[in-house]
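Encoded as structure tokens, the structure appears first; notes follow it.
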Amino acid sequence: MSDSTTPPRAGLAPAFVVVLLAAAGTFALTMGARQSMGLFLNTLNTHTGLGLASISLAFAVGQLWWGLTQPLAGIVADRVGAGRVLLTGLVLVAIGTALIPYMTSTWGLILAIGMLAAGGAGLAGPAVLMAATTRLVPAHKRGMAAGVVNAGGSFGQFVFAPIAQGITAAAGWMVALQSLAAFTLLALPAAWVLRTRAAAPGASGTTAAPPRQGLRATFAQALALPSYRLLCAGFFVCGFHVAFIATHLPGVVAACQLPPEIGAWSLAVIGLFNIVGSLTIGWAIGYQGGRWRMKSLLSLIYAARALAVLVFVFAPKTPTTMLVFAAVIGFTYLSTVPPTAGLVARFFGPSQMATLFGVVMLSHQLGGFLGAWLGGKAFEWTGSYDWMWWADIVLAIGAALVHLPIDERPAPAAAQAA
């Protein structure tokens, strides 16, 4: 009998590279368009006259809907593959983004920003993309693979925020949004590349996947695991933090009476340094067979966020301060994703990865809803964002503590199946 381990791994290496590039490129385009939306918050307020809180509600609904679509996208992708899910998502992102300039009511903005663009980004989001790469890579390389895909999203933010600001300065904000919609469609070939990859059992070079259990049993098994619940709680805080900054950092820059270009470059710097953070954390996960515990890395990331925000609150608000803060916060921004995805894969294996990571992403976006919406409400109530920064510090400290009791061993049912 021929060896069943080494040849498949060698044969899958080129396909894995192609899929990794396709997944990272898709995340770059969707995340770049989505994370640049905060640049248009004040412009939409001036254009529609709806008020900052109403427009923030549309962004907040987008955060929530992006999370709600993650488990649904994962369920479908686990059964039919990622290609069709990604195709649908990319088209919806383009349509929603293109419609934003024509919406002049709160409900219209909720439809365009909160439902179409955000829902499409959820279908073409990390739950599907991370699962596609997880199935194609050996277990000891999954952390680095997740880091590369996650870095793709950060690269999109780094590239598209200054591009959107430049197009706005040259041709107006409406043209900038239409351009972002067109850029998203460049990811359509990636849907074709990933069309047969998501549901391939045993593609990672490990043993074949066990028989698929029902959704109710899958969710019951996951929610019964205390470590999974703690992971969801920590990712809730991540969503609060990321959504608040992505939506309101340009507003913070404006409130400090700094040029709008500083807001665009701050978002770009966050994306740039998140590439470094994602790749560094992905490397740390896989270093010497996983010397660094994923839960320990997560605790360090959240503690670093709390410290960075605390220093920023008391620092003078200059362009240099904004860019340095963006660099520091960027390193921790989405570097939580590789260890979080890695823990889900370790708990339950790759067979239900898209579904169960989608649930974790839902928790993330529940926090994102509050971060985006309360940011606008806090500014409306107090005329500043100070209370949001203090809330962020407290939540980050809580998240750092929540991850410490996590048990990184596989769930009992997953271990028995393995």
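The values are calculated or read from the model by the stated rules, or taken from the named source; none is laboratory data. Just so it is clear, the structure is predicted and the values come from calculations on it, not from any experiment. Every residue, glycine among them, receives a Cβ derived from its backbone with ideal geometry; neighbour counts consider all protein chains shown.
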Quiz item: Among (1) within 19 Å of Leu230 (Cα to Cα); (2) at pLDDT 90 or above; (3) of a type outside the set (Lys, Arg); (4) buried (at least 24 other Cβ atoms within 10 Å of the Cβ), where does Leu300 come up short?
Solution: (4)
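Can you name every one of the helices (runs of 4 or more DSSP H) wholly within segment 285-383 that holds 2 or more residues which are within 22 Å of the chain's Cα centre (by Cα) and within 21 Å of His248 (Cβ to Cβ)?
Working: elements: 294-314, 319-333, 337-348, 353-382.
In segment 285-383, 294-314, 319-333, 353-382 are the helices (runs of 4 or more DSSP H) which contain 2 or more residues that are within 22 Å of the chain's Cα centre (by Cα) and within 21 Å of His248 (Cβ to Cβ).
Right, Thr382: under 20 Å from Phe244 (Cα atoms), of a type in the set (S, T, N, Q) and at pLDDT 90 or above or not? Spell out the reasoning first.
Working: under 20 Å from Phe244 (Cα atoms): yes; of a type in the set (S, T, N, Q): yes; at pLDDT 90 or above: no.
So Thr382 does not fit the description; no.
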Quiz item: Which residues, counting only those in segment 216-234, are over 24 Å from Ala396 (Cβ atoms), of a type outside the set (A, V, I, L, M) and in contact with a helix residue (DSSP H, G or I) (Cβ under 8 Å, 6 or more places away or on another chain)?
Solution: Thr218, Phe219, Gln221
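Sort out which residues of segment 363-402 are of a type in the set (Asp, Glu) and surrounded by 16 or more Cβ atoms within 10 Å (Cβ to Cβ), and write them in order of number. Don't jump to the end; show me each part of the working.
Within segment 363-402, the subset of a type in the set (Asp, Glu) is 380, 386, 392.
Result: Asp392, single match.
Can you confirm whether segment 339-355 contains a residue that is closer than 17 Å to Phe240 by Cα and in contact (Cβ under 8 Å) with a residue 40 or more places away in the chain? Give the derivation first.
Step one: filter segment 339-355 for residues closer than 17 Å to Phe240 by Cα, giving 340.
Cutting the leftovers down to in contact (Cβ under 8 Å) with a residue 40 or more places away in the chain gives us 340.
Taking every residue of segment 339-355 in turn, at least one turns out to be closer than 17 Å to Phe240 by Cα and in contact (Cβ under 8 Å) with a residue 40 or more places away in the chain.
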Quiz item: Name the pairs: first residue in segment 62-91 and closer than 22 Å to Val19 by Cα, second residue part of a helix (DSSP H, G or I) and of a type in the set (D, E, K, R), Cβ to Cβ under 8 Å, at least 6 apart or on different chains?
Solution: Val76/Arg84
Quiz item: For residues in segment 113-143 being of a type in the set (A, V, I, L, M, F, W, C) and surrounded by fewer than 22 Cβ atoms within 10 Å (Cβ to Cβ), which is modelled with the highest pLDDT?
Solution: Met115
